[in-house]
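Please read the structure below before turning to the comments.
Just so it is clear, none of the values below were taken in a lab; they were calculated from the coordinates. None of these values were measured; they are calculated from a predicted model. Cβ placement follows ideal geometry from the backbone for every residue including glycine, while neighbour counts extend to all protein chains displayed.
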Amino acid sequence: MTRTSQVVVIGGGQSGLAAGYHLRRLGLDFVILDAQTTAGGAWQHTWDSLHLFSPAAYSSLPGRLMPPQAGQEYPDAQHVVEYLADYEKRYELPIERPVRVLGVHRDGGLLRVETDSGPWRARAVISATGTWWRPFLPAVPGRGDFGGRQLHTVDYRSPKCFTGRRVIVVGGGNSGAQIAADLAHDPEVTWVTQRPPRYLDDEVDGRALFDAATARRRALDAGRTDTGGVASLGDIVAVPSVREARDRGLLKASPMFTRLVPGGVEWADGTRAVADAVIWCTGFRPALSHLAPLQLRGRRGRIATAGTRAADEPRLHLLGYGDWTGPASATLIGAGRPARDAAREIADVLA
Ligand code: FAD
């Protein structure tokens with residue numbers, strides 16, 4: 001049986017919840033379909049020691065400040081999960097779990113959302129499926145030859161799993177630095193980065209990143225010179241764990257190797273390091289395969305947008321995949337504004 005709703009939101013992480021908050025305020029009929037069995041989106045799956053890079057008050061969704069976590073200036077991922085679970089209850093958001101959306105199709109004047117528990121029809125769809133579900137692995141020669149374990153950021157949990165193992169951590173971003181710091185007490189761990197690590201100033205945290213992203217978007221929208229945004233500040237937020245490992249001299253980065261060999265990795269000059277495991281902290285791509293039937297993907301797999309609206313499918317909005325769907329829209333504090341804009345646009349069209 002096909003069910004109908006004015007708006008279907010795909011994904012019940014922070015972006016989907018922020019959309020739900022604004023859709024509810026505007027009195028629209030909507031449903032949120034989420035593939036997870038419980039609340040919290042990707043925050044349920046991160047490594048044990050992950051802490052936010054901003055204080056609680058700067059990590060809040062619209063309407064409700066994140067409460068501080070006792071004893072922690074920067075809350076941990078479990079605290080975020082609890083906050084999101086409370087948020088969706090507090091605002092009585094209509095979420096169906098677990099429901100996986102398989103495809104979104106044009107169907108006359110409506111969009112048809114095919115799921116693993118039956119189809120929905122809607123006048124508008126908001127896609128908020130995040131990036132965690134599409135880990136990116138670079139094409140490095142010899143990846144298939146390596147005899148050890150290869151993991152991505154999404155698979156890493158804690159140093160306990162690597163005691164006595166020779167590990168190579170790849171990646172000069174926040175995940176690479178934090179996982180390298182997590183493992184840094186072990187002399188058998190090597191951190192490799194494509195270019196020397198670029199730390200943000202120690203006093204810079206997520207608050208400054210949000211300001212930088214917003215200033216960049218405003219400058220671009222007003223036709224002014226690109227400020228460079230967050231990337232101009234550096235790549236790695238010096239969260240306490242990273243700062244401590246770095247200051248103790250434990251976070252030394254080696255240049256990127258050129259290939260993997262059966263027993264480890266090899267650099268251009270022929271030097272080799274033996275490894276039991278390689279952890280690829282090499283980023284993510286937007287999880288958009290459910291939108292493939294709409295044939296909207298352009299350069300670098302992105303969908304062209306005007307604000308949050310897909311340029312070539314006005315009934316579709318995208319939230320939370322990166323700066324291309326709104327400044328800092330893939331952060332807790334940044335999710336609210338694009339969600340509000342999307343909900344307002346949809347309300348205007350439906351009216
Ligand atoms: P997600 O949390 O991934 O939620 C998407 C939801 O959609 C999931 O529940 C998923 O199961 C569901 N879904 C996916 N595909 C489908 C489908 N086909 N059908 C139905 N449901 C589907 N941000 C901050 O503000 N502060 C930080 O400190 C911070 N640290 C981060 C650290 C790491 C390691 C990472 C990776 C990100 C961090 N972020 C941080 C960025 C961002 O806040 C998170 O990535 C956040 O999880 C993004 O939320 P989201 O709702 O867009 O996506």
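Before moving on, here are some points about what is shown:
- Judged by the ratio a/c of the largest to the smallest principal axis of the C-alpha gyration tensor, the range 21-170 counts as oblate, that ratio being 1.5 or greater while a/b is no larger than b/c.
- Ranking of His317, His105 by neighbouring Cβ atoms within 10 Å, starting from the fewest: His105, His317.
- Helix-derived mean residue ellipticity, 222 nm - over the chain, DSSP H n ≥ 4, -39500 (n - 2.57), to 500: -6500 deg cm²/dmol
- Given charges at beta-carbon only (K, R positive; D, E negative), |dipole| of the range 209-330 in Debye: 240
- For the pair Thr4 and Arg25, the difference between a 0.36 nm per residue extended length and the Cα-Cα distance amounts to 5.6 nm.
- Normalised by residue number, the volume inside the convex hull of the Cα atoms of the chain is 151 Å³ per residue.
- Rounded to the nearest 20 debye, the dipole magnitude of the chain is 840 debye, with +1 charges on Lys and Arg beta carbons, -1 on Asp and Glu beta carbons, and the Cα centre as origin.
- Averaging the Cα positions of each part gives two centres, and for the range 65-101 and the range 309-344 these lie 20 Å apart.
- Under 19 Å from the Ala57 label point (7 Å along Cα→beta-carbon), backbone N, the range 197-221: 203-212
- Efficiency of FRET between Ala268 and Phe136 - r from beta-carbon atoms, R0 30 angstrom, step 0.05: 0.85
- Looking at the range 1-148, the DSSP beta bridges with both ends there are about 50 percent antiparallel.
- Here the Karplus relation 6.51 cos²θ - 1.76 cosθ + 1.60, evaluated at θ = phi - 60°, turns the backbone of the range 26-35 into coupling constants of 8, x, 8, 8, 8, 9, 10, 9, 10, 6 Hz, with x for every Gly and Pro.
- Here the range 1-75 is treated with +1 on each Lys and Arg Cβ and -1 on each Asp and Glu Cβ, and its dipole about the Cα centre works out to around 300 debye.
- The overall shape of the range 260-310, judged from the alpha-carbon gyration tensor, is prolate: a/c is not under 1.5, and a/b is greater than b/c.
- The chain: most fluctuating residue of Asp341, Asp107, Asp76 per GNM, C-alpha cutoff 10 Å: Asp107
- Relative intensity, log₁₀ I(q)/I(0), of the range 282-326 from a Debye sum that treats every alpha carbon as a point, q = 0.27 Å⁻¹: -1.10
- Residue among Phe210, Pro197, Pro138 farthest towards the positive dipole end of the range 133-250, charges placed on Cβ: Pro138
- GNM result for the chain, Cα springs below 10 Å: residue of Gly103, Gly118, Gly206 fluctuating most strongly: Gly118
- Neighbours of Gly12 by Cβ distance under 11 Å: Lys/Arg scored +1, Asp/Glu scored -1, total -2.
- When GluC sites (Glu not before Pro) are flagged only if DSSP places them in a loop and at most 15 other Cβ atoms lie within 10 Å, the longest unflagged stretch of the chain comes out as 204-351.
- Computed with the Debye formula from one identical point scatterer per Cα of the range 123-276, without solvent, the log10 of I(q)/I(0) at q = 0.10 Å⁻¹ comes to -0.46.
- Bridge type composition, the chain - antiparallel percent by DSSP, nearest 5: 45
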